[in-house]
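Beneath this line is the structure, given in C-alpha coordinates, with notes to follow.
The values are calculated or read from the model by the stated rules, or taken from the named source; none is laboratory data. Remember, it's a predicted structure, so these values are computed and weren't measured experimentally. A quick note on method: Cβ atoms are made from the backbone with ideal geometry, for glycine too, and the neighbour counts reach across all protein chains shown. We work out accessible area using only protein heavy atoms, side chains counted, and drop any ligands, DNA or RNA first. Shrake-Rupley method; radii C 1.70, N 1.55, O 1.52, S 1.80 Å.
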Amino acid sequence: MQSATDSADRSAGLEDAEVDLVRLLYVGNDGVVRGHTVDAADVENAVSDGATLPQSVQSLTAFDQRILDGRFDAVGEVRLMPDPDTFREQPHTDNCGAMLCDIHDLDGGPWAADPRSSLTGFLDGMDADVRTAFESEYHLCRETEDGLAPLDQRGVYSTESMRAAHPVTTDVVDALKAQDIGFEKYYPEHAPGKHEIVIAPASGVTAADEHVFLKETVKGVAATHDLQATFLPRPFPDSTNGCHIHLSLWDGDDNEFYDASDADGLSERARHFIGGVLEHADALVALTAPTVNSYARLRPQTEASAFACWGLDNREAAVRIPSPKGDAEKTTRLEFRPADNAANPYLALLGLLAAGMDGVDRELDPGEPVAYDHGNLPPAERDERDVRRLPETLGEAVRALESDDVLADALGGDLHESYVEVKRTQWRSFTESADEWQLDRFREVF
(Lines give C-alpha, C1' and ligand atoms only; values in the text may rest on other atoms or scores of the structure.)
Protein backbone atom coordinates (compact mmCIF):
# COMPACT_ATOMS: atom_id res chain seq x y z
CA MET A 1 0.00 0.00 0.00
CA GLN A 2 1.33 3.46 -0.91
CA SER A 3 1.42 5.73 2.11
CA ALA A 4 1.23 9.52 2.21
CA THR A 5 4.90 9.50 3.18
CA ASP A 6 5.77 7.46 0.07
CA SER A 7 3.92 9.97 -2.12
CA ALA A 8 5.63 12.93 -0.45
CA ASP A 9 9.02 11.26 -0.86
CA ARG A 10 8.41 10.69 -4.57
CA SER A 11 7.22 14.25 -5.12
CA ALA A 12 10.33 15.50 -3.34
CA GLY A 13 12.35 13.08 -5.46
CA LEU A 14 11.00 14.78 -8.56
CA GLU A 15 12.30 18.12 -7.32
CA ASP A 16 15.67 16.71 -6.27
CA ALA A 17 16.23 14.25 -9.12
CA GLU A 18 19.49 14.53 -11.01
CA VAL A 19 18.08 13.75 -14.45
CA ASP A 20 18.01 15.66 -17.71
CA LEU A 21 14.85 14.12 -19.16
CA VAL A 22 11.54 12.88 -17.78
CA ARG A 23 9.28 10.43 -19.63
CA LEU A 24 5.52 10.91 -19.33
CA LEU A 25 4.08 7.41 -19.76
CA TYR A 26 0.60 6.08 -20.49
CA VAL A 27 -0.96 2.87 -21.80
CA GLY A 28 -3.75 2.98 -24.35
CA ASN A 29 -6.26 0.54 -25.79
CA ASP A 30 -3.49 -1.21 -27.70
CA GLY A 31 -1.64 -2.19 -24.50
CA VAL A 32 1.59 -0.51 -25.65
CA VAL A 33 3.50 1.71 -23.19
CA ARG A 34 3.80 5.07 -24.92
CA GLY A 35 4.63 8.61 -23.85
CA HIS A 36 6.32 11.95 -24.32
CA THR A 37 9.68 13.11 -22.97
CA VAL A 38 10.21 16.58 -21.50
CA ASP A 39 13.23 18.49 -20.26
CA ALA A 40 13.59 18.06 -16.51
CA ALA A 41 13.84 21.84 -16.20
CA ASP A 42 10.32 22.15 -17.63
CA VAL A 43 8.74 19.28 -15.72
CA GLU A 44 6.77 21.57 -13.39
CA ASN A 45 4.99 23.03 -16.40
CA ALA A 46 4.24 19.52 -17.64
CA VAL A 47 2.74 18.61 -14.28
CA SER A 48 0.54 21.71 -14.14
CA ASP A 49 -0.37 22.12 -17.81
CA GLY A 50 0.07 18.65 -19.28
CA ALA A 51 1.36 17.65 -22.70
CA THR A 52 -0.77 17.76 -25.82
CA LEU A 53 -1.98 14.41 -27.12
CA PRO A 54 -4.30 13.67 -30.07
CA GLN A 55 -7.51 11.86 -29.17
CA SER A 56 -6.72 9.44 -31.98
CA VAL A 57 -4.24 7.62 -29.72
CA GLN A 58 -7.21 5.60 -28.48
CA SER A 59 -7.94 4.48 -32.04
CA LEU A 60 -4.41 3.17 -32.61
CA THR A 61 -3.58 -0.49 -32.99
CA ALA A 62 -0.40 -1.99 -31.53
CA PHE A 63 1.13 -1.61 -35.00
CA ASP A 64 0.58 2.20 -34.97
CA GLN A 65 -2.26 2.02 -37.49
CA ARG A 66 -5.09 4.46 -36.85
CA ILE A 67 -8.58 3.08 -37.40
CA LEU A 68 -9.80 5.49 -40.06
CA ASP A 69 -13.47 5.12 -39.18
CA GLY A 70 -12.79 4.72 -35.48
CA ARG A 71 -14.36 6.40 -32.46
CA PHE A 72 -11.52 8.96 -32.42
CA ASP A 73 -10.31 10.41 -35.70
CA ALA A 74 -7.84 13.12 -36.69
CA VAL A 75 -9.80 15.88 -34.93
CA GLY A 76 -9.54 16.56 -31.21
CA GLU A 77 -6.94 16.87 -28.48
CA VAL A 78 -6.52 15.84 -24.87
CA ARG A 79 -3.84 16.44 -22.27
CA LEU A 80 -1.32 13.97 -20.87
CA MET A 81 -1.25 14.85 -17.14
CA PRO A 82 1.65 13.33 -15.17
CA ASP A 83 1.06 12.13 -11.62
CA PRO A 84 4.07 13.38 -9.61
CA ASP A 85 3.42 10.76 -6.93
CA THR A 86 4.54 8.12 -9.46
CA PHE A 87 7.91 9.69 -10.27
CA ARG A 88 10.87 7.33 -10.37
CA GLU A 89 14.38 7.81 -11.60
CA GLN A 90 15.11 5.16 -14.22
CA PRO A 91 18.39 3.52 -13.12
CA HIS A 92 18.55 1.49 -16.34
CA THR A 93 18.43 4.63 -18.53
CA ASP A 94 21.05 7.37 -18.21
CA ASN A 95 19.83 10.74 -16.89
CA CYS A 96 16.16 9.85 -17.17
CA GLY A 97 13.12 9.72 -14.92
CA ALA A 98 9.52 8.73 -15.59
CA MET A 99 5.99 9.35 -14.37
CA LEU A 100 2.69 7.64 -15.11
CA CYS A 101 -0.02 9.88 -16.51
CA ASP A 102 -3.75 10.34 -16.55
CA ILE A 103 -5.34 11.77 -19.69
CA HIS A 104 -7.60 14.79 -19.27
CA ASP A 105 -9.97 16.51 -21.65
CA LEU A 106 -9.59 20.19 -22.48
CA ASP A 107 -11.96 21.14 -19.65
CA GLY A 108 -9.45 19.74 -17.17
CA GLY A 109 -11.35 16.65 -16.07
CA PRO A 110 -10.54 12.98 -16.67
CA TRP A 111 -11.04 11.99 -20.30
CA ALA A 112 -13.80 9.39 -20.57
CA ALA A 113 -11.57 7.18 -22.75
CA ASP A 114 -8.58 7.18 -20.36
CA PRO A 115 -7.93 3.72 -18.83
CA ARG A 116 -6.01 4.97 -15.79
CA SER A 117 -8.60 7.59 -14.83
CA SER A 118 -11.39 5.07 -15.38
CA LEU A 119 -9.75 2.59 -13.01
CA THR A 120 -9.20 5.31 -10.41
CA GLY A 121 -12.84 6.35 -10.64
CA PHE A 122 -14.02 2.77 -10.14
CA LEU A 123 -11.69 2.30 -7.17
CA ASP A 124 -12.99 5.52 -5.58
CA GLY A 125 -16.51 4.09 -5.69
CA MET A 126 -15.59 0.85 -3.90
CA ASP A 127 -16.11 0.15 -0.21
CA ALA A 128 -12.82 -1.73 0.13
CA ASP A 129 -9.12 -1.30 -0.42
CA VAL A 130 -7.98 -3.37 -3.40
CA ARG A 131 -4.57 -5.02 -3.12
CA THR A 132 -3.16 -6.44 -6.33
CA ALA A 133 0.02 -7.98 -7.67
CA PHE A 134 0.76 -8.60 -11.34
CA GLU A 135 2.95 -11.72 -11.59
CA SER A 136 4.81 -11.43 -14.90
CA GLU A 137 6.69 -13.92 -17.06
CA TYR A 138 9.11 -12.94 -19.82
CA HIS A 139 11.77 -14.39 -22.10
CA LEU A 140 15.36 -13.20 -22.36
CA CYS A 141 16.54 -13.55 -25.96
CA ARG A 142 19.65 -12.95 -28.04
CA GLU A 143 20.09 -12.26 -31.74
CA THR A 144 21.54 -15.14 -33.75
CA GLU A 145 22.17 -15.76 -37.44
CA ASP A 146 18.83 -17.58 -37.50
CA GLY A 147 16.93 -14.83 -35.72
CA LEU A 148 15.85 -14.31 -32.13
CA ALA A 149 16.59 -17.24 -29.78
CA PRO A 150 16.18 -17.88 -26.03
CA LEU A 151 19.20 -16.92 -23.94
CA ASP A 152 19.57 -20.47 -22.58
CA GLN A 153 18.16 -23.92 -23.25
CA ARG A 154 17.39 -25.00 -19.69
CA GLY A 155 14.03 -24.65 -18.00
CA VAL A 156 11.90 -24.44 -14.91
CA TYR A 157 13.77 -23.65 -11.67
CA SER A 158 17.05 -24.69 -13.29
CA THR A 159 20.15 -23.25 -11.64
CA GLU A 160 21.79 -23.32 -15.09
CA SER A 161 19.14 -20.84 -16.22
CA MET A 162 19.70 -18.80 -13.07
CA ARG A 163 23.41 -18.59 -13.84
CA ALA A 164 22.86 -17.67 -17.49
CA ALA A 165 20.48 -14.85 -16.56
CA HIS A 166 22.21 -13.78 -13.34
CA PRO A 167 23.83 -10.54 -14.59
CA VAL A 168 20.49 -9.37 -15.98
CA THR A 169 18.50 -10.52 -12.97
CA THR A 170 20.70 -8.76 -10.42
CA ASP A 171 20.53 -5.53 -12.41
CA VAL A 172 16.74 -5.80 -12.70
CA VAL A 173 16.33 -6.43 -8.97
CA ASP A 174 18.64 -3.51 -8.12
CA ALA A 175 16.71 -1.25 -10.49
CA LEU A 176 13.37 -2.25 -8.98
CA LYS A 177 14.62 -1.58 -5.47
CA ALA A 178 15.95 1.80 -6.57
CA GLN A 179 12.41 2.61 -7.72
CA ASP A 180 10.87 1.51 -4.39
CA ILE A 181 9.16 -1.45 -6.06
CA GLY A 182 9.04 -4.39 -3.68
CA PHE A 183 10.93 -7.44 -4.94
CA GLU A 184 9.72 -10.79 -3.58
CA LYS A 185 11.33 -13.55 -5.64
CA TYR A 186 12.73 -14.65 -8.99
CA TYR A 187 12.97 -18.01 -10.77
CA PRO A 188 13.38 -19.52 -14.24
CA GLU A 189 10.08 -20.70 -15.67
CA HIS A 190 8.73 -23.59 -17.79
CA ALA A 191 10.67 -22.98 -21.04
CA PRO A 192 14.16 -22.17 -22.27
CA GLY A 193 14.97 -18.52 -21.65
CA LYS A 194 11.77 -17.92 -19.67
CA HIS A 195 11.89 -16.12 -16.32
CA GLU A 196 9.61 -14.64 -13.71
CA ILE A 197 10.02 -11.84 -11.20
CA VAL A 198 7.39 -11.45 -8.50
CA ILE A 199 6.89 -7.99 -7.04
CA ALA A 200 5.00 -7.12 -3.86
CA PRO A 201 1.27 -6.34 -3.94
CA ALA A 202 0.22 -2.71 -3.88
CA SER A 203 -3.01 -0.83 -3.29
CA GLY A 204 -5.29 0.70 -5.85
CA VAL A 205 -3.92 2.10 -9.09
CA THR A 206 -0.34 1.81 -7.76
CA ALA A 207 -0.30 -1.92 -8.55
CA ALA A 208 -0.95 -1.24 -12.26
CA ASP A 209 1.59 1.60 -12.25
CA GLU A 210 4.28 -0.67 -10.83
CA HIS A 211 3.50 -3.33 -13.40
CA VAL A 212 4.24 -0.78 -16.13
CA PHE A 213 7.51 0.15 -14.42
CA LEU A 214 8.43 -3.55 -14.08
CA LYS A 215 8.06 -4.14 -17.82
CA GLU A 216 9.98 -0.99 -18.67
CA THR A 217 12.74 -2.00 -16.24
CA VAL A 218 13.14 -5.57 -17.54
CA LYS A 219 13.24 -4.38 -21.15
CA GLY A 220 15.61 -1.52 -20.35
CA VAL A 221 18.04 -3.64 -18.34
CA ALA A 222 18.05 -6.41 -20.97
CA ALA A 223 19.02 -3.85 -23.61
CA THR A 224 22.05 -2.81 -21.54
CA HIS A 225 23.21 -6.44 -21.78
CA ASP A 226 22.66 -6.54 -25.57
CA LEU A 227 19.67 -8.80 -25.04
CA GLN A 228 15.99 -8.47 -25.81
CA ALA A 229 13.27 -9.14 -23.27
CA THR A 230 9.88 -10.13 -24.65
CA PHE A 231 6.62 -10.37 -22.73
CA LEU A 232 4.73 -11.68 -25.79
CA PRO A 233 2.13 -14.29 -24.72
CA ARG A 234 3.54 -16.94 -27.07
CA PRO A 235 6.97 -15.81 -28.31
CA PHE A 236 8.09 -19.26 -29.55
CA PRO A 237 6.13 -22.34 -30.66
CA ASP A 238 6.67 -24.20 -27.37
CA SER A 239 6.88 -21.25 -24.99
CA THR A 240 4.39 -18.87 -23.39
CA ASN A 241 4.38 -15.86 -21.06
CA GLY A 242 1.54 -15.17 -18.65
CA CYS A 243 0.68 -12.41 -16.22
CA HIS A 244 -1.25 -13.83 -13.29
CA ILE A 245 -3.25 -11.23 -11.36
CA HIS A 246 -3.44 -11.72 -7.58
CA LEU A 247 -6.17 -9.77 -5.81
CA SER A 248 -7.83 -9.36 -2.43
CA LEU A 249 -10.19 -6.83 -0.81
CA TRP A 250 -9.41 -5.23 2.54
CA ASP A 251 -11.14 -3.18 5.22
CA GLY A 252 -8.26 -1.66 7.12
CA ASP A 253 -6.27 -4.62 8.45
CA ASP A 254 -9.07 -7.12 7.77
CA ASN A 255 -8.88 -9.28 4.67
CA GLU A 256 -12.46 -9.45 3.36
CA PHE A 257 -11.67 -12.62 1.38
CA TYR A 258 -10.71 -14.59 4.52
CA ASP A 259 -12.97 -16.49 6.91
CA ALA A 260 -11.31 -18.70 9.51
CA SER A 261 -14.54 -20.64 10.08
CA ASP A 262 -14.80 -21.74 6.43
CA ALA A 263 -13.29 -25.07 5.41
CA ASP A 264 -11.44 -23.42 2.54
CA GLY A 265 -10.69 -20.23 4.47
CA LEU A 266 -12.85 -18.15 2.12
CA SER A 267 -15.50 -15.61 3.04
CA GLU A 268 -18.90 -15.38 1.38
CA ARG A 269 -17.74 -12.15 -0.24
CA ALA A 270 -14.78 -13.97 -1.78
CA ARG A 271 -17.04 -16.69 -3.16
CA HIS A 272 -19.48 -14.18 -4.63
CA PHE A 273 -16.55 -12.25 -6.15
CA ILE A 274 -15.32 -15.47 -7.77
CA GLY A 275 -18.85 -16.09 -9.03
CA GLY A 276 -18.85 -12.71 -10.75
CA VAL A 277 -15.45 -13.27 -12.35
CA LEU A 278 -16.61 -16.61 -13.76
CA GLU A 279 -19.94 -15.12 -14.92
CA HIS A 280 -18.10 -12.52 -17.00
CA ALA A 281 -14.97 -14.53 -17.84
CA ASP A 282 -15.66 -14.78 -21.58
CA ALA A 283 -15.81 -11.00 -21.91
CA LEU A 284 -13.10 -10.41 -19.31
CA VAL A 285 -10.43 -12.23 -21.31
CA ALA A 286 -10.87 -9.67 -24.10
CA LEU A 287 -9.26 -7.27 -21.61
CA THR A 288 -6.74 -9.66 -20.01
CA ALA A 289 -5.75 -11.69 -23.11
CA PRO A 290 -6.08 -8.93 -25.71
CA THR A 291 -4.16 -10.09 -28.79
CA VAL A 292 -4.44 -12.79 -31.43
CA ASN A 293 -1.20 -14.20 -30.00
CA SER A 294 -2.84 -14.48 -26.56
CA TYR A 295 -5.09 -17.29 -27.75
CA ALA A 296 -2.14 -19.30 -29.03
CA ARG A 297 -1.21 -19.39 -25.32
CA LEU A 298 -4.69 -19.82 -23.82
CA ARG A 299 -4.97 -23.57 -24.41
CA PRO A 300 -5.88 -26.53 -22.17
CA GLN A 301 -3.22 -28.41 -20.25
CA THR A 302 -0.60 -25.68 -20.55
CA GLU A 303 -1.38 -24.11 -17.14
CA ALA A 304 -2.70 -21.08 -19.04
CA SER A 305 -6.14 -21.73 -17.48
CA ALA A 306 -8.44 -22.11 -20.46
CA PHE A 307 -11.59 -23.04 -18.50
CA ALA A 308 -14.11 -20.84 -16.68
CA CYS A 309 -14.06 -22.48 -13.27
CA TRP A 310 -12.22 -22.13 -9.96
CA GLY A 311 -10.16 -24.39 -7.76
CA LEU A 312 -7.83 -24.59 -4.78
CA ASP A 313 -4.28 -24.58 -6.15
CA ASN A 314 -5.66 -25.66 -9.55
CA ARG A 315 -3.45 -24.13 -12.24
CA GLU A 316 -5.83 -25.15 -15.04
CA ALA A 317 -8.71 -23.12 -13.57
CA ALA A 318 -9.33 -19.49 -14.52
CA VAL A 319 -9.50 -18.59 -10.83
CA ARG A 320 -7.03 -20.27 -8.52
CA ILE A 321 -7.03 -19.88 -4.75
CA PRO A 322 -3.38 -20.27 -3.75
CA SER A 323 -2.52 -21.99 -0.50
CA PRO A 324 -1.94 -19.30 2.14
CA LYS A 325 1.61 -18.71 3.32
CA GLY A 326 2.17 -18.18 7.03
CA ASP A 327 -0.63 -15.97 8.34
CA ALA A 328 -3.66 -17.14 6.32
CA GLU A 329 -5.54 -13.87 6.76
CA LYS A 330 -2.67 -11.85 5.32
CA THR A 331 -2.15 -14.08 2.29
CA THR A 332 -5.61 -15.37 1.28
CA ARG A 333 -6.37 -14.09 -2.21
CA LEU A 334 -7.56 -15.11 -5.63
CA GLU A 335 -5.38 -15.46 -8.69
CA PHE A 336 -6.83 -14.77 -12.15
CA ARG A 337 -4.70 -16.80 -14.54
CA PRO A 338 -5.95 -16.31 -18.14
CA ALA A 339 -4.11 -12.99 -18.45
CA ASP A 340 -0.91 -11.91 -20.17
CA ASN A 341 1.42 -8.94 -20.43
CA ALA A 342 -0.09 -7.60 -23.65
CA ALA A 343 -2.99 -6.37 -21.52
CA ASN A 344 -3.39 -2.79 -20.46
CA PRO A 345 -3.06 -3.36 -16.67
CA TYR A 346 -5.51 -0.57 -15.83
CA LEU A 347 -8.21 -2.12 -18.00
CA ALA A 348 -7.43 -5.67 -16.85
CA LEU A 349 -7.81 -4.67 -13.20
CA LEU A 350 -10.89 -2.54 -13.91
CA GLY A 351 -12.58 -5.42 -15.70
CA LEU A 352 -11.67 -7.92 -12.98
CA LEU A 353 -13.07 -5.65 -10.26
CA ALA A 354 -16.26 -4.87 -12.18
CA ALA A 355 -16.91 -8.56 -12.79
CA GLY A 356 -16.15 -9.55 -9.21
CA MET A 357 -18.21 -6.78 -7.63
CA ASP A 358 -21.15 -7.69 -9.85
CA GLY A 359 -20.90 -11.14 -8.32
CA VAL A 360 -20.85 -9.61 -4.82
CA ASP A 361 -23.86 -7.39 -5.56
CA ARG A 362 -25.86 -10.31 -7.01
CA GLU A 363 -24.51 -12.89 -4.53
CA LEU A 364 -23.49 -15.22 -7.35
CA ASP A 365 -22.55 -18.78 -6.41
CA PRO A 366 -19.31 -19.95 -8.10
CA GLY A 367 -20.16 -23.62 -7.46
CA GLU A 368 -17.80 -26.11 -5.92
CA PRO A 369 -14.03 -25.81 -6.48
CA VAL A 370 -12.70 -28.03 -9.26
CA ALA A 371 -9.98 -30.45 -8.16
CA TYR A 372 -8.91 -32.01 -11.45
CA ASP A 373 -7.39 -31.14 -14.82
CA HIS A 374 -10.34 -30.35 -17.10
CA GLY A 375 -8.23 -31.13 -20.17
CA ASN A 376 -8.34 -34.83 -19.26
CA LEU A 377 -12.14 -34.90 -19.59
CA PRO A 378 -14.05 -35.38 -22.86
CA PRO A 379 -16.16 -32.34 -23.85
CA ALA A 380 -19.44 -34.08 -23.00
CA GLU A 381 -18.31 -34.71 -19.42
CA ARG A 382 -17.09 -31.11 -19.06
CA ASP A 383 -20.56 -30.00 -20.16
CA GLU A 384 -22.16 -32.24 -17.55
CA ARG A 385 -19.98 -30.68 -14.87
CA ASP A 386 -20.77 -27.17 -16.16
CA VAL A 387 -17.13 -26.35 -16.89
CA ARG A 388 -16.97 -24.25 -20.04
CA ARG A 389 -14.04 -23.49 -22.30
CA LEU A 390 -13.04 -19.84 -22.46
CA PRO A 391 -13.04 -18.15 -25.89
CA GLU A 392 -10.58 -19.78 -28.27
CA THR A 393 -9.97 -16.67 -30.39
CA LEU A 394 -9.74 -12.93 -29.91
CA GLY A 395 -12.78 -12.58 -32.14
CA GLU A 396 -14.92 -14.65 -29.76
CA ALA A 397 -13.69 -12.72 -26.73
CA VAL A 398 -14.33 -9.31 -28.32
CA ARG A 399 -17.88 -10.31 -29.24
CA ALA A 400 -18.44 -11.34 -25.61
CA LEU A 401 -17.07 -8.02 -24.35
CA GLU A 402 -19.18 -6.08 -26.83
CA SER A 403 -22.37 -7.59 -25.40
CA ASP A 404 -21.42 -7.60 -21.69
CA ASP A 405 -23.43 -4.77 -20.10
CA VAL A 406 -21.60 -4.89 -16.75
CA LEU A 407 -18.12 -4.47 -18.23
CA ALA A 408 -19.40 -1.95 -20.79
CA ASP A 409 -20.85 0.14 -17.97
CA ALA A 410 -17.62 -0.06 -15.94
CA LEU A 411 -15.54 1.13 -18.91
CA GLY A 412 -18.02 3.75 -20.03
CA GLY A 413 -19.22 4.31 -23.57
CA ASP A 414 -16.19 6.02 -25.09
CA LEU A 415 -13.63 3.62 -23.61
CA HIS A 416 -15.68 0.49 -24.26
CA GLU A 417 -16.48 1.45 -27.86
CA SER A 418 -12.94 2.47 -28.78
CA TYR A 419 -11.40 -0.59 -27.12
CA VAL A 420 -13.72 -2.97 -28.97
CA GLU A 421 -12.89 -1.18 -32.25
CA VAL A 422 -9.15 -1.58 -31.73
CA LYS A 423 -9.41 -5.28 -30.88
CA ARG A 424 -11.92 -6.01 -33.62
CA THR A 425 -9.52 -4.37 -36.10
CA GLN A 426 -6.69 -6.60 -34.89
CA TRP A 427 -8.86 -9.68 -35.33
CA ARG A 428 -9.95 -8.58 -38.80
CA SER A 429 -6.34 -7.96 -39.87
CA PHE A 430 -5.38 -11.43 -38.66
CA THR A 431 -8.23 -13.21 -40.42
CA GLU A 432 -7.52 -11.34 -43.66
CA SER A 433 -3.88 -12.43 -43.57
CA ALA A 434 -5.01 -15.98 -42.79
CA ASP A 435 -7.18 -15.83 -45.91
CA GLU A 436 -4.12 -14.99 -48.01
CA TRP A 437 -2.26 -17.88 -46.36
CA GLN A 438 -4.95 -20.44 -47.10
CA LEU A 439 -5.25 -19.31 -50.71
CA ASP A 440 -1.50 -19.59 -51.28
CA ARG A 441 -1.17 -22.97 -49.55
CA PHE A 442 -4.25 -24.68 -50.98
CA ARG A 443 -3.43 -23.57 -54.51
CA GLU A 444 -0.23 -25.57 -54.16
CA VAL A 445 -2.22 -28.69 -53.29
CA PHE A 446 -5.36 -28.46 -55.39
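With a threshold of 22 Å on the Cα-Cα distance, the over-threshold entries among LYS194/LYS423; LYS194/LYS215; LYS194/LYS325; LYS219/LYS423 are LYS194/LYS423; LYS194/LYS325; LYS219/LYS423. Charge tally for GLU329 (other residues, Cβ to Cβ under 15 Å; Lys, Arg +1; Asp, Glu -1): -4. For the range 389-398, backbone phi angles converted through the Karplus equation (6.51, -1.76, 1.60; θ = phi - 60°) give residue-by-residue couplings of 6, 5, x, 9, 9, 4, x, 4, 5, 5 Hz, Gly and Pro being listed as x.
Residue by residue, the range 353-368 carries 3J(HN,Hα) couplings of 5, 4, 5, x, 6, 5, x, 5, 5, 9, 6, 6, 8, x, x, 7 Hz when phi is fed to the Karplus relation 6.51 cos²θ - 1.76 cosθ + 1.60 (θ = phi - 60°); x denotes Gly or Pro.
Dividing the convex hull volume of the alpha-carbon atoms in the range 348-426 by its residue count gives 124 Å³ per residue. In the context of the full protein assembly, ASP171 retains an accessible surface of approximately 60 Å², using a probe radius of 1.4 Å and ignoring ligands and nucleic acids. Surface composition of the range 50-156: carbon and sulfur atoms hold 45% of the protein heavy-atom accessible area at a 1.4 Å probe. Residues whose amide H lies under 5 Å from that of VAL370, counting only those 5 or more places away or on a different chain, are TRP310, GLY311, LEU312; hydrogens are built 1.01 Å from N in the peptide plane. At 222 nm, what value in deg cm²/dmol follows for the chain if DSSP H runs of at least 4 each add -39500 (n - 2.57) and the sum is divided by all its residues, to the nearest 500? Counting only the DSSP helices, I get -12000 deg cm²/dmol.
Could you report the chain's accessible area per residue, 1.4 Å probe, as an integer in Å²? Each step should come with its number before you reach the end.
Values: 19350 Å² over 446 residues.
Accessible area per residue, the chain: 43 Å².
Remark: the range 421-428, residue by residue, has Karplus-estimated 3J(HN,Hα) of 4, 4, 6, 5, 5, 4, 5, 5 Hz, where x stands for each Gly or Pro and the curve is 6.51 cos²θ - 1.76 cosθ + 1.60 at θ = phi - 60°. Just name one of SER161, PRO150, MET81: the one whose Cα is farthest towards the positive end of the charge dipole of the range 78-164 (beta-carbon charges, Lys/Arg +1, Asp/Glu -1). Comparing the listed Cα positions along the dipole, SER161 ranks first. For a quick check, take a GNM of the chain with Cα springs below 10 Å and name the residue from THR159, THR240, THR288 with the largest mean-square fluctuation. Between THR159, THR240, THR288, it is THR159 that shows the largest mean-square fluctuation.
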